[in-house]
Amino acid sequence: MPIRGPLRFADANSEFTESHFVVIGAPFDKTTTFRSGTRFAPTTIREASANFEPEMFEHGLSFSDIPFHDSGDLFDEGAVDEMVASVEEGARRIVEAGKFPVVIGGEHSVTPPVVQAFGKDIAVVIIDAHLDYREEYQGLRNSHACAHRRVADIVGEGNVFAFGVRSVSNEEDYDSAVYVDAFRIHEHGCEEEFERALSCLKERPIYLSLDIDGIDPAFAPGTGTPEPFGLTPFDVKRVINRLGGRLVGFDVVEVSPPYDNGNTSILAARFIKEVIAVKWKAMNSK
Ligand code: MN
Ligand code: MN
């Protein structure tokens, strides 16, 4: 699996073998339908990461003390199915070494192969404006519009839910999908609704997939299919902190730099830091 790219995520100064967290870019937007450009996101998110201090005072830690590595970007010029195979291979290398993968998309179709690298014994939380539950889209089972459905194929229905949804199509089998819609979250509060959804999952390690369009376009305008009435960045911070030590992997997908004013990449970089900080803190408090 070829890897390229000299740019590294800020403070990712450790070698692979000594790291607990490994960042990998998956710059693919092969099935994006409305506005493409997510293939540029691994670069802009890494650039944005240089914006922050290593210290995260609310967590009481500094990134200069966290062993993490940036493996660069996966590289694949093939069609979507080859891309999926390449992402699975890249993720498997990290998961089999007992490390925590942090995947920077790319479009949402990079998520199922990362989940596949873990196998069926994890649960998955997806933050997304869209249900992504189509059996196939435009003839492609690996379309980004099918990401949630493909994850459910791997971990089983009932071991995955989507949070922040406000776009569902009649072409989707939405009765069999588990999701919390954004209107309900606004009505009852993020913490209450997330707690309720989380209590329906089995006690398994959790993989978190953040489709950046789950957040309101006011905060995250740089994405391919923006939807109003989204979550706030603070909602997502609460979700990450609630999952804490149960987290075993993370991706942030669907950031589209050509439509960004810069803030979306900055937000994505900040969430990567949040996930690593929260997990590291949990690991070291036992
Ligand atoms: Mn999605
Ligand atoms: Mn989406």
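What to note about this one:
- Value of Rg to Rh for the stretch 1-159, rounded to two decimals, is 0.98; Kirkwood radius and Rg both from alpha-carbon coordinates.
- P(r) for the chain, from all Cα pairs and a bin width of 10 Å, is 7, 32, 40, 19, 2 %, short bins first.
- Lys/Arg +1, Asp/Glu -1 at C-beta; the stretch 203-279 dipole; positive extreme among Val255, Ile206, Ile266: Ile206
- Calculated accessible area for the chain comes out at 40 Å² per residue, all protein chains present (probe 1.4 Å; ligands, DNA, RNA ignored).
- Carbon/sulfur fraction of accessible area - the stretch 56-195, other protein chains in place, 1.4 Å, %: 45 percent
- Most fluctuating residue given options Glu157, Glu136, Glu96, as computed from a GNM of the chain linking Cα atoms under 10 Å: Glu96
- The chain, relative contact order [Cα under 8 Å, separation at least 6], %: 21 percent
- Top of Arg150, Arg196, Arg141 by mean-square fluctuation, Gaussian network on the chain, Cα under 10 Å: Arg196
- Pairs of Lys residues in the chain are counted when their Cα atoms are under 25 angstrom apart and they lie 8 or more places apart or on different chains; the count is 19.
- Structure remark: mean-square fluctuation, Gaussian network model of the chain, C-alpha springs under 10 Å; the largest value among Gly244, Gly90, Gly78 belongs to Gly78.
- From its DSSP helices (H runs of at least four residues, each -39,500 (n - 2.57)), the chain gives a residue-normalised ellipticity at 222 nm of -9500 deg cm²/dmol.
The values are calculated or read from the model by the stated rules, or taken from the named source; none is laboratory data. Please read all numbers here as calculations on a predicted model, not as lab measurements. Positions of Cβ are generated from backbone atoms using ideal geometry, with glycine treated the same way; all protein chains shown enter the neighbour counts. We work out accessible area using only protein heavy atoms, side chains counted, and drop any ligands, DNA or RNA first. Shrake-Rupley method; radii C 1.70, N 1.55, O 1.52, S 1.80 Å.
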